Amino acid sequence: MSDIKSKLLLDLADSVVNMDEEQTVELAKNYIAHNLDPYEGINQGLALGMDRAGTLYEEEEYFIPELLMCSDAMYAGLDVLRPHLKQDNLEDNHKIVIGVVQGDTHDIGKNLVKIMLETTGFEVIDLGRDVPPLDFVNTAKEIKADIIALSTLMTTTMEGMQEVIRLLEGENLQNQIKVMIGGGPISKGFADKIGAYYAGDASKAAVLAQSLVKEV
Amino acid sequence: MEEKERLLKVLKRGQVDRPPVICPGGMMSACVTEISEQIGGCQHSSAKAMVTAARKINELAGFENYGVPFCLTAEAEALGAGINLGDNLIEPRVTHYNDEPLEAIMQNYSIVDVTAGRMGVVLAAIHELRNDRIPVIGNVSGHMSAATSVVDPLLIFKMLRREPERAARFLEFINEYLIRYALEMVKAGADVISISDPSATGEILGPRNFQKFAVPYYQKIIKALHQESIPVILHICGNARSIIDPLNEVEADAVSFDSIVNIKAARKVIKTGLMGNVSTQLLHSGEKAKIISITCNALHSGVDIAAPACGLSMATPLSNLRAMTNYVKEGSYS
C-alpha cells in the first residue's frame, strides 16, 4: 500500500474518531483526488474509525453524544466516497430490515446499529420507530431480506419481538429470515427463549449479522 | 401504620414497621391491560377514568399508593410533540417531534399553561384522589426525557457536544416548565413527586455529561419541591453504575434503579432512600415463586421501598403484581 494511501486511510479513521465532520469531508475529497479506491476508503478508513469509536464506547470513554458525532462525520465522508464506487461493489449486498418495535419510540440504539450495519456493507431498510410486527415481516418478504433486526429500550414492548417470530413461523420463513434483537432490557436469555439472536451492542450486532448471513 | 404515614416516614429516613410497596405511576405505571379493559380506556385523557384506574391499581394490584398519570407524554404534548394515546395493549408514546428550532420553541411556548390540556386532567385527578390514608404520587418527566420527547433525541444528544450552551438553555427552559407543573401537582394535593428520566441514563450520557447536564437540573427541581416540604423520588433507567456517586448530590429522598443495578453495591454509596428493583420482565412472565424470591432479595439487599424496577409491560398479569405486593405486606421476608 502506498504511503499516501495508508496515511489518508488512517487520517480518515482518526477524523471520524475525533468527530470532525469538516475534516472528514476534506480528507475524503483528497483521497478521491489521489485516485484511490473508494471502497477501501470506506472499509479501511471511515468504517475503521467508526469501529474504534465503538470500542471507545465499550470502554466507557465515549457515550451516545460522542458516538452520534462520530457517525455524522462518517456519513459526511460516505457522501463524498459513495458516488465514486464502481457498480460491482454495490451488488449482492445482504439486506436487513431494522426498526423499533411498536409501543416504543426510542431509536438511538436502533440508529447506532443501523450505522454499524451500513459501515460493514449491509443494505439496511429502516422502518423507523413504533413499528407493528406485521410490517417487519411484510417488508422483509417483499425485499427478500436476510435478517430482521429489532430494537427496544422499553421492557413494555418486548412482547412485540416474540410476535415477529410467531408471524415468521406462521409462514415457515424462520430459517430464511433470521431475527436479531437488542436494546436496554433485552438479555441473551430472552432472545434464546423466543428463538432470536442476541446482540449486546451496536458493534456486536454488526459482527453477528455478518456471521448470520454466512450461515445461510 | 397507614400507607401514607409509612411512605412519608421512609422518605424521611424514619423507622417503619415494614417497607412500603409502591408503583409510582408515570413511566412506571401499573395500569396494565386488565385494568385498562375494566375501566374502558380513556385513563390518559379523562380525569374520571384516571382516578378510577389509580384506585383500581391500588385495590387490585395492591400497590400502596395512588400514582398518576400513567405515562410521561402530557408534558411533551403541550410543547408541540405529537402523541398517540395508545390503547388497552400499548402505552401512550411520542409519534412526532416538534421540528421548530429550539429558540422558536422557547419563544412560542414561553407561557404554556401547565394547568390546561392533559396536564390539567392530571391535576384534576390528583385533586380528586387526595386523602388522609393513601399517598398520592404525582409523576413528572425529567428534563432530559422531556427535552428528547419534544425534539428529536439525536439533535439534543449531539448538541450536548456541539453546542453545549445552546443545549443547556433549552434544558433550562424545559426544567423551569417542569418545575411549574410539579408545583401545580403539589397544589392539587400530591404528597410525593416522582421524577423519571429514562433518557438520562449513565449509558447514554456518561458520567461527565450526567454531572453537567443532569445533576444541576435535578437539584433545582428537587429544591423547589423541598421548599414545599414535598419528598421526591428520582428514577433512573438502565445501568447506573457510572453515575451512582453524583446521584447523592441531587438530594432526592429516594432514588430508584433498574433491575440491572446491584442494590447491595448501590446501598453502600447512596446516602438517601433506595427504591426498587423487582425485574419488570419477571413480573411480566415469571413464576410467582421467583417473583417472591427476587422481591425478598431486593429487600434484603437494602431497598427501603419495594417497587417494580422500571416500566411494566401492559401484558403484566395483576396476579403477578399481587404476588409481589402481598409478599411485602406479610412482612416476614425469610
(message) For the protein assembly as shown, give me the percentage of DSSP beta bridges that are antiparallel, rounded to the nearest 5 percent.
(response) 10
(request) Please go through the residue pairs A:LYS188/B:LYS56; B:LYS9/B:LYS220; B:LYS187/B:LYS220; B:LYS212/B:LYS268 and name each one whose alpha carbons sit more than 29 Å apart in this structure. (result) A:LYS188/B:LYS56
(message) Take A:LEU134 and B:LYS329, extend 7 Å from each Cα along the Cα→Cβ direction, and tell me the distance between the two endpoints in nm.
(response) 4.1
(request) Using only the alpha carbons, work out the radius of gyration and Dmax of segment B:181-224 in angstrom. (result) 12.7, 37
(request) Measure nothing but the geometry: give the 0 to 90° angle between the long axis through the Cα atoms of B:153-162 and the longest principal axis through the Cα atoms of chain B, rounded to 10°. (result) 60
(message) Suppose R0 equals 51 Å. What FRET efficiency, 1/(1 + (r/R0)^6) with r the Cβ-Cβ distance, do B:ASP132 and A:GLU61 give to the nearest 0.05?
(response) 0.45
(request) Please work out the C-alpha center-to-center distance from segment A:8-57 to segment B:230-268 and express it in whole Å. (result) 39
(message) Under 12 Å between alpha carbons, and skipping anything fewer than 8 positions from A:LYS214 in its own chain: which aspartates and glutamates qualify?
(response) A:ASP146
(message) Rg and Dmax in Å for segment B:87-172, alpha carbons only: what are they?
(response) 16.3, 50
(message) Between A:LEU85 and B:ARG169, what's the calculated FRET efficiency when r is the beta-carbon distance and R0 is 51 Å? Round to 0.05.
(response) 0.75
(request) List, largest first, the extents of the alpha carbons of segment B:197-286 along their principal axes, each in whole Å. (result) 42, 29, 24
(request) Could you work out the longest stretch of chain A that avoids the trypsin sites (Lys or Arg not before Pro) located in DSSP loops with at most 16 other Cβ atoms within 10 Å? (result) A:1-85
(message) Cα atoms only: what Rg and Dmax, in Å, come out for segment A:63-149?
(response) 14.1, 41
(request) Write down the Å³ per residue value for the convex hull defined by the alpha carbon atoms of segment A:92-215. (result) 85
(request) Note down the nm distance, to one decimal, between modelled labels 7 Å out along Cα→Cβ at B:HIS226 and at B:ARG161. (result) 3.4
(request) Tell me what the protein assembly as shown gives for mean residue ellipticity at 222 nm when only DSSP H runs of n ≥ 4 count, each as -39,500 (n - 2.57), the sum divided by the residue total, rounded to 500 deg cm²/dmol. (result) -15500 deg cm²/dmol
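Taken together, the values in this text are just the output of simple stated rules run on the coordinates, not laboratory data. Only a predicted model underlies this, so the values are computations on that prediction, with no experimental measurement involved. As a convention, Cβ positions derive from the backbone with ideal geometry for all residues, glycine included, and neighbour counts pool all protein chains shown.
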